Amino acid sequence: MSHTDAPVLRLRGVHKTYRLGEHVVPALQGVDLDLYAGEMLALTGPSGSGKSTILNLAGLIDQADAGQIELRQRPIEGLSETDATLLRRDAIGFVFQSFNLVPVMTVAENVDYPLMLNGTPTEERRVRVNAMLAAVGLLEHAQHRPDALSGGQRQRVAIARALVKRPTLVIADEPTASLDSHTADQVLDLMREQGHAHGAAFLIATHDARLLKRCDRAIELLDGQIRSEA
Amino acid sequence: MNLNFRWLQFAWRNTLRNRRRSAVTVTIAALGTAAILLAGGFAIFTYESLAQASARTTGHLIVAKPEQFSKDEDVPLQHGLDGADALKTQLMADDHVRQVLPRVEFSGLISNGDKSTVMVAAGIDPDAEFAVKGPFLKVSAGEVLSSAERLQVMLGSGLAKSLKAESGSSLTLMASTTEGALNALDVTVKGIFSTGIPDVDKRLVYTDVATAQKLLGTQRVSTLGVFLDRMDATVPLQRTVAALLPKLQVQTWEDQAVFYRSVKDLYNRIFGALGLIIGVIVVFVVTNAMAMAIIERTREIGTLRAMGTLPSQLVTSFALEGLVLGGVGAVVGALISLGLSVALMLFPVQMPPPPGRSDGYPLNIAIDPTLYAGTLLVMLALAMLASAWVARRTVHQPIVDALAHT
């Protein structure tokens, strides 16, 4: 795939190490990566290969030790905690393996939460939440609590929550790992469909072979380095 | 929907996640609030009762020569007031003044012919005194004094017992005159009373002003007690009277109420310490409940932070949970206190006599809006601050660590 636009996410020579007691564990060793708008990029590799670390750095919830990271062509080094939070709020959606919905909020409130945070007007929020819930097929469950939903339904709520604010980048960590194969297929279709509809780029960490096939590109990581790209 | 209301709604729902823990927290906050309000209400009732009793005894304002308040007398009424009637007329001109009562204070001996004992006596204007003060003495035998009669006395019950006197008995009062000579007057016992303080009842004698002045050989009075239409007029009237009578000194009832000040000082310390202890307990309970809730929700905190929630917003959210817990507890505690206070009004409970007293008193709890508002606000503030303090560390921990929390 060739791209003429600038990448949404750009990593250059990114290093990250973790300290476990007296041991220093290299998690990433000079990773370069570009992700473009509307693209779905899978990160694969064994446990400890650096997939989650890349997600954390790209999602601005962790900081690299060395290298450059740009989100929407803006270097993120040196961002204050508040600025990083506001950038996440505006530009990044998260889909977690175990859904991470807020149990005291209804389905609609979970989806509405990112819009509430970024100050979207009430009426616009209502319209967008309903549209997103309709898109993921959960409008009739809008007033239910997450614990009343199945695993697949919860992940659809999580996807709706990640996409409702029309983010530039969606970070998804093993989004199908907790789902059966049929539900996983539905969730993948939904991610692709909604991602394309909103022009969001997806950065997905996965072991799921079916998910790999549906992504535009896949990068295989090993010991914190890119082993192959397809 | 209003954003603040939405946060409050989430806080309310979060408190219901672990109902047993929230119930324990609310119960302790309620009991703490009720304890503070009941103790505070009891203290306020005691202060008000003592204040009214003090003002009723001396008058809201006491007018005398400055030396009367600061120096001992070499002879009776050395520092007494002349022209008491003219002064009374001047003072009565103010609309707030209900009555001005002269008082002649002296000491001497009282005898039944066989036995003499020390007395502390007060010459009063009986009709005006009883009209203004109401039944301030508990008359156990005979009747109260009358302004129309002279050479009559009322004895404290202990003194009457000591002198084997009863209503109608003849006694002799002996005292030094203003010239330093010893004078004696034969008097008749009109009645026997009790002040509720046995030590006072063993010495106290009331007679009328004219009899006292005749015994002491003077037309002076010791003080003039100024009785006002309401307590809160005391301080403004003090300034007015002081300006009206620049050569005299005007004290308030509180200046003379040593017992009132002592009780207030003691109760303030006792109930202040009690309030502090209860406050600390409430803070610990709320802190403990919130700490458990926050640990359980660490991963959720990480999720909310990842989605772009500022740490300050999460701290506010947890403070609102504290507000809900503390608020519900405080309101329940206030209702408990209110219910008990009203119940004590409807079904009076008599307390045993305090040390040094012979009479008990009804247990009453004042319902003071300021106390209620202040206590509720303090409880809310403590619960909010405790919750925010506990939350602040967790919401600032690295998001990656919070998301990995199990």
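Here, each number is a calculation from the coordinates, and none is a lab measurement. Note that the coordinates shown come from a computational prediction; the quantities given were computed from them, not determined experimentally. Using ideal geometry, Cβ is built from the backbone for each residue, glycine included, and neighbour counts are taken over all protein chains shown.
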Query raised in the report: What does the average come to when, for each residue of peptide A:85-92, you count the partner chain Cβ atoms lying within 10 Å of its Cβ?
Result: 4
Query raised in the report: For the stretch B:4-16, what does the Karplus curve 6.51 cos²θ - 1.76 cosθ + 1.60, with θ = phi - 60°, yield as ³J(HN,Hα) per residue in whole Hz, taken in order and with x for Gly and Pro?
Result: 5, 5, 5, 4, 5, 5, 5, 4, 4, 5, 5, 5, 8
Report summary line: quick note, the protein assembly as shown, DSSP beta bridge pairs, % antiparallel (nearest 5) is 70
Query raised in the report: Please state the relative contact order of the stretch B:262-406 as a whole percent: Cα pairs under 8 Å, 6+ residues apart?
Result: 44
Query - Longest to shortest principal axis, alpha-carbon extents of chain B, angstrom - result: 99, 46, 34
Requested in this report: Provide B:197, A:204, B:277 in ascending order of the number of other Cβ atoms located within 10 Å of each residue's Cβ, fewest first.
Outcome: B:277, B:197, A:204
Report summary line: For peptide A:58-66, the mean count of other chain Cβ atoms within 10 Å per residue Cβ is 2
Report summary line: By Cβ neighbour count within 10 Å, fewest first, B:379, B:231, B:351 rank B:351, B:231, B:379
Report summary line: Along the stretch B:362-370, Karplus-curve 3J(HN,Hα) (6.51, -1.76, 1.60; θ = phi - 60°) to the nearest Hz, with x for Gly and Pro, reads x, 7, 10, 10, 5, 9, 9, x, 5
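Antiparallel as a % of all DSSP beta bridges within the stretch B:66-247, to the nearest 5? Mind dumping the intermediate values first?
On the way: 33 of 43 bridges.
Here the share of antiparallel DSSP bridges comes out near 75 percent.
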Report summary line: Between residue A:77 and residue B:9, the two model label points (7 Å from Cα along the beta-carbon direction) sit apart by a distance in nm of 4.5
**Report entry** From the C-alpha gyration tensor of the stretch B:66-247, square roots of 5λ in Å
**Finding:** 29, 20, 14
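Assuming R0 = 60 Å, can you tell me the calculated FRET efficiency for the pair residue B:172 and residue B:265, based on Cβ-Cβ distance, to the nearest 0.05?
Step by step, r from the Cβ atoms, then E = 0.90.
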Requested in this report: Pull out a ≥ b ≥ c, the square roots of the eigenvalues of the alpha-carbon gyration tensor of the stretch B:152-238, then state rounded if a/c is under 1.5, prolate if not and a/b is larger than b/c, and oblate in the remaining case.
Outcome: oblate
Requested in this report: State, to one decimal in nm, how far the label point of residue A:181 lies from the label point of residue B:295, with both points 7 Å from Cα in the Cβ direction.
Outcome: 4.3
Report summary line: Percent antiparallel among DSSP beta bridges confined to the stretch B:134-212, nearest 5, equals 75
Query - Hits among lysines - C-alpha to C-alpha of residue B:247 under 25 Å, sequence gap 8 or more where chains match - result: B:65, B:71, B:88
**Report entry** Set of the stretch B:68-90 residues, backbone N closer than 15 Å to the point 7 Å along the Cα-Cβ line of residue B:244
**Finding:** B:84-90
Query raised in the report: How high is the relative contact order of chain B, in percent, counting Cα pairs under 8 Å that sit 6 or more residues apart?
Result: 26
Report summary line: The FRET efficiency for residue B:396 and residue A:19, from their Cβ-Cβ distance with R0 = 25 Å and rounded to 0.05, is 0.80
Requested in this report: Shielding by partners for B:296-309, please: the mean number of other protein chain Cβ atoms within 10 Å of each residue's Cβ.
Outcome: 6
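Take peptides B:67-76, B:205-214, A:17-26, A:177-186 and line them up by average Cβ neighbours within 10 Å, highest first, as a rough protection proxy.
Top to bottom by mean Cβ count within 10 Å: B:205-214, A:177-186, B:67-76, A:17-26.
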Report task. For residue B:140 and residue B:24, calculate 0.36 nm times their separation in residues minus their Cα-Cα distance, and state this gained length in nm to one decimal. Result -> 36.4 nm
Report summary line: Listing B:47, A:113, B:260 by rising number of other beta-carbon atoms within 10 angstrom, fewest first, gives B:47, B:260, A:113
Report task. List every residue whose amide H lies under 5 Å from the amide H of residue A:8, counting only residues 5 or more places away in sequence or on a different chain, with H placed 1.01 Å from N in the peptide plane. Result -> A:35, A:36, A:37
Report task. For the stretch B:102-190, just say rounded, prolate or oblate: build the C-alpha gyration tensor, square-root its eigenvalues into a ≥ b ≥ c, call rounded for a/c under 1.5, and beyond that prolate if a/b exceeds b/c, oblate if not. Result -> oblate
